[in-house]
Amino acid sequence: MSGVNLHGIWAIYRTEMARSIRTVWQSVATPVITTALYFIVFGGAIGSRMSHVGGVGYGAFIVPGLIMLSLLTQSISNASIGIYFPKFTGTMFEILSAPLNAVEAVVGYVGAAATKSVVIGLIILATATFFTDVRILHPVWMVAFLLLTSLTFSLFGFLIGIWAKNFEQLAIIPSLVITPLTFLGGAFYSIDMLPQPWRTVSLFNPVVYLVSGFRWSFYGLGDVGVGASLAFTAGFMALCLIALAWIFRTGWRLKP
Amino acid sequence: MPAILSIEALGKQYKSGHKALEGVDLSIERGEIFALLGPNGAGKTTLISIICGTVTRTAGTISVAGHDIDHARREARQRIGLVPQEIALDMFSTVLNTVRFSRGLFGKAPDPAYIEEILRDLSLWDKRNARIMELSGGMKRRVMIAKALSHEPELLFLDEPTAGVDVNLRRDMWALVRKLRERGMTIILTTHYIEEAEEMADRVGVINGGRLLLVEDKDALMRKMGKRQLTLTLQAPLATIPDELAEWSLVLAEDGLRLIYSFDAQAEDTGMPALLHRMSELGIAYRDLDTSRSTLEDIFVNLVEKAA
Ligand SMILES: Nc1ncnc2c1ncn2[C@@H]1O[C@H](COP(=O)(O)OP(=O)(O)OP(=O)(O)O)[C@@H](O)[C@H]1O
Ligand SMILES: [Mg+2]
């Protein structure tokens, strides 16, 4: 055997996808119900009293932010559980002893987590069309942002899964960092609506760039330039990759 | 052909500062069964884990069939199967899926016929669609073996394969190991049960405190280090050992009813005939006479005590 361990990548990918399919109803029902709730509360109850944002109805305006919120939390939780689970059950020994290199393992785990996120993102998009009028100006960019964000945050989740020593640590980053950043990151409003200095402070929130770029692909309007959004996501992905390369080289938190 | 496993100057110091292995050299030939014997904490699992890549080492080199485990990682690793000491399985998976997963992970194309064969060999075929959580402990252990065999390794590590396993299952395990060896597999096992090493191994390594104290052909070891014992059950008890028998260093046991003479099985002159002759001269009559050979266990305890 030489070259890439394709069977190994496929074995991981398939097993990870099978794990999601075992809990398919939870996987699908949760985002659909959550999205519906957001639309009823924000889109219906509050949104009817809000003026249009940049010429887009409030219900439609929040669609990209809602999808982004799910993409971030789903990517992180899927990928982190995916790699934390073998650590927890002890089956990690098999992954570590296999003729599989770091890149192959990451492609298997992160690929599966990102696939699941993309599917959930699309389900939310489909759900949203029942509640509001969604237009997509730049479908190719929309898909590109969807993929890039899912991959990047699945990588980030993978790192968290390796770092975590218990279930509490596994949950802490998504709930303590990502959710607040997303809410404050312009998922439900344009940061232009904020008074100073909050508008400037928001520019330090990485999620602003993700939501803004994604919303641009829908409606052609964003809080920051689309180039900045892309650069930020790609830069964060590069950081995650560097961290991963270091982990696999040193065996940090993987091997005694 | 290079040795299937070659280890040189292997050392491991855990982050805690504990030196689990020091200066371990070992070479394993193709097709042999090698038993690694040692008390708790000797470093057996650490040694196996380093070879299999689940623990990092701090010194030394290792190659598998001539492939360095760092520089030719893939070539080395695809030849190795590992059954670790602890059972570790995804409880929600089915038997068949988890075994297929292992084969894929090790880079092999699916081979349903081969998987069926190993599951049948391990009496798991009827349980192939059962979830792991529905299996008994012994079955789970066999699933671990099936996973380790799934990619047709040349070198199989069994870390305490029969710990906590009942007598029948232990016999089955031994039979399986022999069968694997007949097919040309090299097997390295660790065990606390000396009878296991005695029963199965071609060679035995004794490890204690992170050092490999001895590596030897099992039969040669038994011959070289083995002591024999002569036990005489007397007709009438003796109060003390008569001075005339002092040169044999006898031990008196069971209220003076038993005389025990230990001697080197290798010695030209065992001293046994002379002892019996002297006893009849002294008029000490015996009812029964029994000789026994020391087991690997005695040898082992002896070695470990000496090293301590
Ligand atoms: N992760 C670790 N960190 C620090 N020390 C460790 C670690 N794992 C093992 N050790 C220590 O290294 C020594 C060797 O352990 P090892 O598990 O290799 O022994 P063993 O021979 O397999 O014992 P047993 O027969 O009980 O399985 C022990 O003193 C153990 O406490
Ligand atoms: Mg052990």
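The values are calculated or read from the model by the stated rules, or taken from the named source; none is laboratory data. Just so you know, these numbers come straight off a predicted model, no measurement behind them. In this analysis, Cβ positions are derived from the backbone assuming ideal geometry, glycine residues included, and neighbour counts consider all displayed protein chains. We work out accessible area using only protein heavy atoms, side chains counted, and drop any ligands, DNA or RNA first. Shrake-Rupley method; radii C 1.70, N 1.55, O 1.52, S 1.80 Å.
Worth a mention:
- Any chance B:A65 is farther than 18 Å from B:G205 by Cβ and either within 16 Å of ligand 2 (Cβ to nearest atom) or buried (at least 19 other Cβ atoms within 10 Å of the Cβ) (or both): yes
- Check on B:G104, closer than 27 Å to B:Y193 by Cβ, more than 16 Å from ligand 2 (Cβ to nearest atom) and of a type in the set (G, A, S): no
- Positions within region B:220-258 being in contact with a Lys or Arg (Cβ under 8 Å, 6 or more places away or on another chain) and modelled with pLDDT of 85 or more, in sequence order: B:T231, B:L232, B:T233, B:L234, B:Q235, B:E244, B:L245, B:L252
- In region B:81-88 there is no residue matching the filter, namely being assigned by TED's automatic domain parsing to the domain that holds B:R131, over 30 Å from A:I9 (Cα atoms) and either surrounded by 23 or more Cβ atoms within 10 Å (Cβ to Cβ) or charged (D, E, K, R) (or both).
- Any hit, region B:29-39, residues being open to solvent by less than 40 Å² (accessible area, probe 1.4 Å), within 14 Å of chain A (Cβ to nearest Cβ) and within 15 Å of ligand 1 (Cβ to nearest atom): no
- Residue list for region B:138-164, restricted to those being part of a loop (DSSP other than H, G, I, E, B) and within 16 Å of ligand 1 (Cβ to nearest atom): B:E160, B:P161, B:T162, B:A163, B:G164
- Filtered residues of region A:93-116 (kept if assigned to a helix (DSSP H, G or I) and facing another protein chain (nearest Cβ under 8 Å)): A:F93, A:E94, A:I95, A:L96, A:S97
- Qualifying residue in region B:46-54 (condition: within 14 Å of chain A (Cβ to nearest Cβ) and open to solvent by 30 Å² or more (accessible area, probe 1.4 Å)): no
- Which listed residue, of B:R74, B:R141, B:R131, B:R103, is of a type outside the set (V, I, T), over 19 Å from the mean Cα position of the chain (by Cα) and at pLDDT below 95: B:R74
- Scanning region B:196-203 turns up no residue that is more than 28 Å from B:K12 (Cβ to Cβ) and loosely packed, with under 15 Cβ neighbours inside 10 Å.
- Here B:R211 fulfils each of the conditions (1) out of contact with any Leu (no Cβ under 7 Å at 6 or more places or on another chain); (2) open to solvent by less than 40 Å² (accessible area, probe 1.4 Å) apart from (2).
- Taking the listed residues B:L26, B:L47, B:L37, the one that is of a type in the set (A, V, I, L, M), more than 30 Å from B:R131 (Cβ to Cβ) and modelled with pLDDT under 95 is B:L37, with no other qualifying.
- Looking across region B:55-74 at every residue that is among the hydroxyl-bearing types (S, T, Y) and within 13 Å of chain A (Cβ to nearest Cβ), the one that is nearest to ligand 1 (Cβ to nearest atom) is identified as B:T56.
- Residue match in region A:54-65 (condition: of a type in the set (V, I, T) and modelled with pLDDT of 90 or more): no
- Residues in region B:183-200 that are of a type outside the set (D, E, K, R) and more than 14 Å from B:L156 (Cα to Cα): B:T191, B:H192, B:Y193, B:I194, B:A197, B:M200.
- Entirely in region B:1-70, the strands (runs of 3 or more DSSP E) that have 1 or more residues that are without any contact (Cβ under 8 Å) to a residue 24 or more places away in the chain: none
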